[in-house]
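Reading through the structure tokens given below for one structure.
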Amino acid sequence: MSSNPEKSSLSGLITEAGKIRDEAGATFGSLSPAQLNWKRSAEEWSVGQCFDHLILTNRPYFPLFEKIIAGEHRRTLWERVPVLPGLFGKLVLGAVKPESTRKVKARPAFVPAASEVDGQIISQFAQHQDNLMRLMKATEGLELEKIIITSAVSPVVTYSLLDGYRILITHERRHFLQAERVMAAEEFPRA
């Protein structure tokens, strides 16, 4: 990874999101539906499932980002508890790091399609990424470290909006690398 999302500013995170979009297109954009859906075992994800998972995981945040941009976000009780957002931000960020050896089981709502993933999943991810970057750019003038949001995974996990962005981009890089490992498998269909 060229930059470190854990330490990045908003502009650095937007740049990294764009790199992930572009690299996904360059690396996986020409794969056939069969290649996108190939997996070594039933328990492992295909390239397509990795990107389907990212869309499913990020999408619930979009309405929240829209509310923040519109000035309509109101803190919940959990979002008002001091200290927790900083602790949870570091904890979640550590869990999604690409180099983390700890496997994190996806919540049922974020598990990708078990059957064939759409052959257009990479272009769908690119559109999704464009929307994410648009929303991130729209929050440029806000105090991102002071805006506290709730995780889409758990209603008691809170972190700053900036940590939220860091978590999303770091999580994307983790699954991008997972998709690369799928493609690098000896058994991966090359033609």
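The values are calculated or read from the model by the stated rules, or taken from the named source; none is laboratory data. Keep in mind it's a predicted model, so treat the numbers as computed, not measured. Cβ placement follows ideal geometry from the backbone for every residue including glycine, while neighbour counts extend to all protein chains displayed.
Things worth noting here:
- Hits in region 134-191 - residues which are surrounded by 15 or more Cβ atoms within 10 Å (Cβ to Cβ), over 13 Å from the mean Cα position of the chain (by Cα) and part of a loop (DSSP other than H, G, I, E, B): Thr139, Leu142, Leu144, Ile147, Val157, Phe188
- Tally of residues being of a type in the set (A, V, I, L, M) and touching a residue at least 24 places away in the same chain (Cβ under 8 Å) across region 36-45: 1
- All helices (runs of 4 or more DSSP H) inside region 1-87 with 1 or more residues being over 19 Å from Tyr165 (Cα atoms) and not acidic (Asp, Glu): 10-28, 33-37, 47-58, 77-80
- Screening Pro85, Pro108 for residues that are surrounded by 15 or more Cβ atoms within 10 Å (Cβ to Cβ), of a type outside the set (A, V, I, L, M), modelled with pLDDT under 80 and out of contact with any Pro (no Cβ under 8 Å at 6 or more places or on another chain) leaves exactly one candidate, Pro85.
- Gly48 vs. criteria crowded, with 21+ Cβ neighbours inside 10 Å, of a type outside the set (A, V, I, L, M, F, W, C), within 22 Å of Lys146 (Cβ to Cβ) and touching a residue at least 12 places away in the same chain (Cβ under 8 Å): no
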